[in-house]
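The values are calculated or read from the model by the stated rules, or taken from the named source; none is laboratory data. From a predicted model like this one, the values you see are computed outputs, not experimental measurements. So basically every Cβ, Gly included, is an ideal-geometry build from the backbone, and we count neighbours across all protein chains shown. Ligands, DNA and RNA are stripped out before the accessible areas are found, and what is left, the full protein with its side chains, is counted by its heavy atoms. Shrake-Rupley method; radii C 1.70, N 1.55, O 1.52, S 1.80 Å.
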Amino acid sequence: AMKRYDPDAILSRVTKMASSSKLPVLVAWGTNDKYLSSEEANSWAEETGKTFKAVPGSAGFQVQMDYPESVYDTIRGFISSPSSAPPQASAAAALPAGWQMFKDEATGRDYYYNANTQATQWDRPQN
């Protein structure tokens, strides 16, 4: 059976994922989108700590179809900027050998898994 489309639930999930991501994200938006204005898209980007860029031209909902060259230029400018570089992990932030960090989807908390011992824990392991 096909699930019913729930735009509020989808927006909530995307907002949660974007807000928790430490990676740079570009919200490239068409200025003539009939479903969500560029002002609303910009507000959402600010709320989630992401970068907003209006795509030049009068693109609508399918901005990549309306103005592919402008979308390309917008994305290229974003990935070329120093602010879009992913954060670099410092030596102090490195985990001890065998440990990996994961995010618990139910709580949103980080937890740690040791691949050598198969142990899991909430507290960050110390070097």
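Across the chain, Cα-Cα distances exceeding 23 Å account for 51% of all pairs.
Rounded to the nearest 10 degrees, the angle from helix 38-48 to the longest Cα principal axis of the chain is 10 degrees.
Projecting the Cα atoms of Q62, Y113, V14 onto the charge dipole of the chain (Cβ charges, centred on the Cα centre) puts Y113 farthest toward the positive pole. In the chain, the calculated helix contribution to ellipticity at 222 nm averages -10000 deg cm²/dmol per residue, counting -39,500 (n - 2.57) for every DSSP H run with n ≥ 4.
For the chain, the dipole from Cβ point charges (+1 on Lys and Arg, -1 on Asp and Glu) about the Cα centre works out to 340 debye, to the nearest 20. Here's the list of lysines a cross-link from K22 could span, going by alpha-carbon distance under 27 Å and ignoring same-chain residues fewer than 8 apart: K50, K53, K103. Take the Cα of T117, step 7 Å toward its Cβ, do the same at V25, and the gap between the two points is 3.5 nm. Between I79 and Y35, the C-beta separation translates, for a Förster distance of 30 Å, into a calculated FRET efficiency of about 0.70.
How would you classify region 15-61 from its alpha-carbon gyration tensor, with a ≥ b ≥ c the square roots of the eigenvalues: rounded for a/c under 1.5, else prolate if a/b is greater than b/c, otherwise oblate? In terms of gyration-tensor shape, prolate. For the options N114, N42, N32, a Gaussian network treatment of the chain with springs between C-alpha atoms closer than 10 Å singles out N114 as fluctuating the most. Within a straight-line Cα-Cα reach of under 14 Å, K34 can be paired with the following aspartates and glutamates, leaving aside sequence neighbours fewer than 8 residues apart in one chain: D66.
The loop-placed GluC sites (Glu not before Pro) in region 28-77, going by DSSP, include none that has at most 10 neighbouring Cβ atoms within 10 Å of its Cβ. Of the solvent-accessible surface of the chain, computed with a 1.4 Å probe and all protein chains present, 54% belongs to carbon and sulfur. Calculated accessible area for region 4-123 comes out at 72 Å² per residue, all protein chains present (probe 1.4 Å; ligands, DNA, RNA ignored).
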